[in-house]
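What follows is a short report on a single structure.
The values are calculated or read from the model by the stated rules, or taken from the named source; none is laboratory data. All values derive from a computational prediction rather than experimental measurement. Cβ: placed from backbone, ideal geometry, glycine included. Neighbour counts: every protein chain shown. Side chains are part of the model used for accessible areas, which takes the heavy atoms of the whole protein and leaves out ligands, DNA and RNA. Shrake-Rupley method; radii C 1.70, N 1.55, O 1.52, S 1.80 Å.
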Amino acid sequence: MSRKWISFPLREGEHSRQAHCDFPADTYEREMGREGFFGPVTHLHHKHPPTGWIDWQGPLRPHAFNFNKIPSEHDCPFEAPLTLHNADVRLRVWKTASAMRHLVRNSDGDELLFVHDGAGHLHCDFGHLEYRDGDYLVIPRGTAWRIEPTAPSHFLLVENTDGAYQLPEKGLLGGQAIFDPAVLDHPRIDDTFKAQQDENTWQIRIKRRNQISTVTYPYNPLDAVGWHGDNTVVRVNWRDIRPLMSHRYHLPPSVHTTFVAKGFVVCTFTPRPVESDPGALKVPFFHNNDDYDEVLFYHRGNFFSRDNIEAGMVTLHPCGFPHGPHPKALKKAQTDPATFAEEVAVMIDTRHGLEVTDAAAAVDVVEYVNSWRAPGKES
């Protein structure tokens, strides 16, 4: 078992004895940490909200994007519009209602499909797997696949460029915490898979270095009769996740990590009870995450720390400034706190800064930067 020596943090002025709990009167806590909640950290107590700006000039600002408004209807996922990206990750949104009549293979990295809406069938090298809303589909690099929707489908595509998706170390919690690996599903060589095998002409569109090559076969290349190994497509649904909770302490978002990738992590926020201890913070804490950009894709529910956010929208909080709950959410948490957080969201924290494409910029909600402004506080 890993161990660490007892150590004591430095302390100055008025401060709480425990992070996120029992603040000095009329103060606002701000967490200033390193390495995505895993490195050195200091909690400062301020007289004013750390997000109480009245004006913002320059490119470093929080963004909200209404991805629902991006034209993303395509028959091929490689044509889905790119929205946010860096050298490690590429985010796309894709809508489709018809069966793919070709296969795709990503040779640039693993593909993660989050099913925002819809249902259908995934056919791939390893067999057949059904999907529904809320599913994650992890598709290893080099896998040939296609989908057949049974209902119009809306996906968030998260490409792990030149990397592989893995699970986080759960340490003292044990291997069955958050979700037991036994809930993971894989494709089957079932009757549905065998029925789609034919001797017709099929094409595989292969993406390598963001260029597409098309290879034509006189038969369906998804013709496997069996396989063995541990490199395969994996499915898990947010409903399979049993979130970590504490009734006395607001846990950092890192405890909700679902997948670890090269240069970023994917976390899942699922419905959970709100902290009940009177002195515990009941909304996300103000924090600087000065090593990571933070992206949130809002899937469903009541996003209790955000105003005017609807399902299918995305927020981007670049590193370099504090962020946290909106004023109305903070006030409600202090005066009339909810007892249950009914929300589902996907968070992607990236180690390197993200670029905003023209497709995302076109649906930017420019007033989002002012949403932390207290009523009556104008520039």
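Observations, loosely collected:
- Lys, Arg +1 and Asp, Glu -1 on Cβ, resulting dipole of the stretch 95-232 about Cα centre, debye, nearest 20: 480 debye
- Estimated Rh, the stretch 1-156: Kirkwood, alpha-carbon pairs, angstrom: 20.1 Å
- Relative to the globular-protein estimate of 2.2 N^0.38 Å, the Cα radius of gyration of the stretch 315-379 stands at 1.40.
- Overall, the accessible surface of the chain at a probe of 1.4 angstrom is composed of carbon and sulfur to the extent of 51 percent.
- With the whole protein complex present, Phe78 retains an accessible surface near 30 Å², based on a 1.4 Å probe.
- The value given for the stretch 93-138 is a Kirkwood hydrodynamic radius of 11.8 Å, derived from the mean inverse Cα-Cα separation.
- Unsatisfied cross-links (Cα-Cα over 20 Å) in the set Lys69/Lys331; Lys95/Lys194; Lys262/Lys282; Lys282/Lys328; Lys69/Lys262; Lys170/Lys282: Lys69/Lys331; Lys95/Lys194; Lys262/Lys282; Lys69/Lys262; Lys170/Lys282
- Two numbers describe the Cα atoms of the chain: Rg and Dmax, which are 22.3, 76 Å.
- Contact order relative to length of the stretch 107-250, as percent, for alpha carbon pairs under 8 angstrom and 6 or more apart: 30 percent
- Excluding ligands, DNA and RNA, the accessible surface per residue across the stretch 1-156 is 51 Å² with a 1.4 Å probe.
- Heavy-atom accessible area ranking, 1.4 Å probe, most first, across Ser153, Ser246: Ser246, Ser153
- Cβ-Cβ FRET estimate between Tyr217 and Leu167, R0 fixed at 30 Å, reported to 0.05: 0.30
- Values of log10 I(q)/I(0), in the order q = 0.19, 0.20, 0.22 Å⁻¹, for the stretch 177-237 under a Debye, Cα-only, solvent-free model: -0.94, -0.97, -1.03
- Between the alpha-carbon centres of the stretch 213-265 and the stretch 128-159 there is a gap of 11 Å.
- When the alpha carbon gyration tensor of the stretch 132-200 is reduced to an equivalent ellipsoid, its three semi-axes come out at 28, 16, 14 angstrom, largest first.
- Rg to Rh, two decimals, where the stretch 65-113 supplies the alpha carbon set and Rh follows Kirkwood: 0.96
- Cα convex hull volume per residue for the stretch 36-123 (Å³): 208 Å³
- If only the Cβ of Lys and Arg carry +1 and only the Cβ of Asp and Glu carry -1, the dipole of the stretch 251-317 around its Cα centre is close to 260 debye.
- Taking every C-alpha pair closer than 8 Å and separated by at least 6 residues, the mean separation divided by the residue count of the stretch 252-376 gives a relative contact order of 34 percent.
- Pair Glu79, Arg17: separation of 7 Å Cα→Cβ label points (nm): 6.4 nm
- Cα-Cα pairs of the stretch 269-376 separated by more than 18 Å (percent): 55 percent
- Comparing Trp372, Gly263, Asn210 along the charge dipole axis of the chain, the residue lying farthest to the positive side is Trp372, per the Cβ-charge model.
- Each Lys and Arg Cβ is given +1 and each Asp and Glu Cβ -1; about its Cα centre, the chain then shows a dipole of about 520 debye.
- Shape category assigned to the stretch 118-171 from the gyration tensor of Cα positions, a/c cut at 1.5: prolate
- Across the stretch 9-82, Cα-Cα pairs farther apart than 21 Å form 56% of the total.
- Amide H contacts of Thr150: Ala119, Gly120, His121, each under 5 Å away and 5 or more positions distant or on a separate chain (H built 1.01 Å from N in the peptide plane; Pro and chain starts excluded).
- Fraction of the pair-distance distribution of the stretch 177-287 above 24 Å, Cα-Cα pairs, percent: 54 percent
- Note: relative contact order over the stretch 210-317, using C-alpha pairs below 8 Å and six or more positions apart, is 18 percent.
- Compactness check for the stretch 35-74: Cα Rg over 2.2 N^0.38 Å is 1.94.
- Top of Gly134, Gly279, Gly353 by mean-square fluctuation, Gaussian network on the chain, Cα under 10 Å: Gly279
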